[in-house]
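Contents: one structure, followed by commentary.
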Amino acid sequence: MTFKCDCCGLCCRSLKKVPALANFDRGDGVCIHLRDDNLCSIYEHRPEICNVDLMYEKYYSSIYTKEEYYKLNEKQCEKIKSWF
């Protein structure tokens with residue numbers, strides 16, 4: 001089971017709403033590492049907050065099943081998409 005990201009890039013265009021990612025904001029709310037194709041230029045070394053599976057393993061596996069956690073992330077994705 002993996003998180004199904006559609007690579008829309010909108011989460012990477014919403015950094016003003018994520019204080020933990022302020023250092024990655026190029027000044028307009030867009031991540032400095034977001035490429036024109038909506039992929040991450042540092043994907044293999046991205047911050048842990050950007051890594052759904054790592055965040056699950058480190059912080060949420062004792063609280064949610066992986067399926068529950070993915071569903072929560074999917075809901076957040078839909079919320080982010082509604083901002084645009």
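Just so it is clear, none of the values below were taken in a lab; they were calculated from the coordinates. From a predicted model like this one, the values you see are computed outputs, not experimental measurements. Using ideal geometry, Cβ is built from the backbone for each residue, glycine included, and neighbour counts are taken over all protein chains shown.
Compute the angle between helix 66-82 and the longest alpha-carbon principal axis of the chain, please, reported from 0 to 90 degrees and rounded to the nearest 10. For helix 66-82, the angle is close to 30 degrees. Fewest neighbouring Cβ atoms within 10 Å first, the residues Ser41, Ser62, Ser14, Ser82 line up as Ser62, Ser82, Ser41, Ser14.
Segment Thr65..Leu10, full-extension length gain: 17.3 nm, with 0.36 nm per residue of separation and the alpha-carbon distance subtracted. Sorting Tyr43, Tyr69 by the number of Cβ atoms found within 10 Å of their own Cβ, with the fewest placed first, yields Tyr43, Tyr69.
For Lys17 and Tyr43, the difference between the fully extended length at 0.36 nm per residue and the C-alpha to C-alpha distance is 7.3 nm.
Calculated mean residue ellipticity at 222 nm for the chain: -7500 deg cm²/dmol, from DSSP H runs with n ≥ 4 weighted as -39500 (n - 2.57), summed, divided by the residue count and rounded to 500.
For the chain, the relative contact order works out to 25 percent when only alpha carbon pairs closer than 8 Å and six or more residues apart are counted. Under the Kirkwood approximation for Rh and a Cα-based Rg, what ratio Rg/Rh is obtained for the chain? Taking Rg over the Kirkwood Rh, I get 0.95. Exposure proxy for Cys5, Cys40: other Cβ atoms within 10 Å of each Cβ, ordered fewest to most, give Cys5, Cys40.
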